[in-house]
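Trainee: Got a structure here, written out as C-alpha cells. Questions coming.
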Ligand code: SF4
C-alpha cells in the first residue's frame, strides 16, 4: 500500500512532514481486503484480557516482590496492554510516573508519541501489544539495574511465548540490548531485523529519546517502514 495522503495534524506526522516525508499509512486508509495484524480488544479490557496462561502470568507479576525497592515504591505493576494476538509487539524499558499511576504502558508524553508512530504505519494501539522489560517503575525514573532486568526478564519471555508476535520492535537501548543479549549501542543495532527463532526483532529509538532529539524522527520513520513492509509477509 503506497497511498499518498493528506497529513493528520498529529505531532509525529507533523514532524515527519517538516522533514520532507511524503508518504504515511493511515489506520483508516487500509484497503478493505487488507487484514490487520492481531485481534483488537478495547482499551478498558486490555488490563485483564488474554488467555488463561497470560492472565495467570499477569496475576503473578501483580504479586511480584523480587525487586524489593521497586515493589516497595510502585503504585502499580505495569504488565502490558493491547491485542494478545498481535503480530507486532513493542517492548520499552520500564514504566514512568504516568504509567505507574495508571497501570498501563506508554501513557505519558512518550506514549502519546508512540501511539502516533504506530498510527503512522496504519495500525492502532489496540492492534499491537505493548510491554516493557521491567514491569515496575524504577524510582525517580533511574535506569534499570542489571539484577532487576534479570528478575523481570522471565515475565517478558513468557509474554512473548504466549502472544507469539511475528515482529518485536525494541524501543531504546535497554529493550534492544536485553532482547538481543548484546551491549552494542542502539545506534548500531537499529535499522535491521534480527532472527530470533520464530520471530524477528528490530530496534529503534525510544519515543522519549525522540522527544528530546527530534532530529532522529526520520530515522524512526525508516525503521517503521521496514516493519510495515515485513508485516505484509504475514497477511
Ligand atoms: S520489576 Fe518485575 S521482577 Fe521486579 S518486582 Fe516488578 S514484576 Fe517483579
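Trainee: Looking only at segment 70-110, count how many residues are part of a helix (DSSP H, G or I) and surrounded by fewer than 21 Cβ atoms within 10 Å (Cβ to Cβ). Walk me through it before giving the result.
Mentor: Taking segment 70-110 as the starting set, the residues that turn out to be part of a helix (DSSP H, G or I) are 70-73, 97-102, 109-110.
This time we only want the ones that are surrounded by fewer than 21 Cβ atoms within 10 Å (Cβ to Cβ), so: 71-73, 97-98, 101-102, 109.
Looking only at that region, the number is 8.
Trainee: State the number of residues belonging to segment 48-63 that are buried (at least 17 other Cβ atoms within 10 Å of the Cβ) and near the ligand (Cβ under 9 Å from one of its atoms).
Mentor: Final tally of qualifying residues: 1.
Trainee: Another question, then. Looking only at segment 127-144, count every residue that is more than 9 Å from the ligand (Cβ to nearest atom) and touching a residue at least 60 places away in the same chain (Cβ under 8 Å) and tell me the total.
Mentor: 4
Trainee: Which members of segment 161-207 meet the condition of being part of a helix (DSSP H, G or I) and surrounded by fewer than 20 Cβ atoms within 10 Å (Cβ to Cβ)? I'd like the intermediate steps shown before the answer.
Mentor: Taking segment 161-207 as the starting set, the residues that turn out to be part of a helix (DSSP H, G or I) are 161-163, 173-180, 186-189, 207.
Passing the criteria: 161, 162, 177, 180, 186, 187, 188.
Every read-out reported here was derived from the displayed coordinates using simple, explicitly stated rules and does not represent laboratory data. Bear in mind the structure is a predicted one, so any value in this text is a computation, not a measurement. Because the Cβ atoms are built from the backbone with ideal geometry, glycine has one as well, and the counts that use them run over all protein chains shown.
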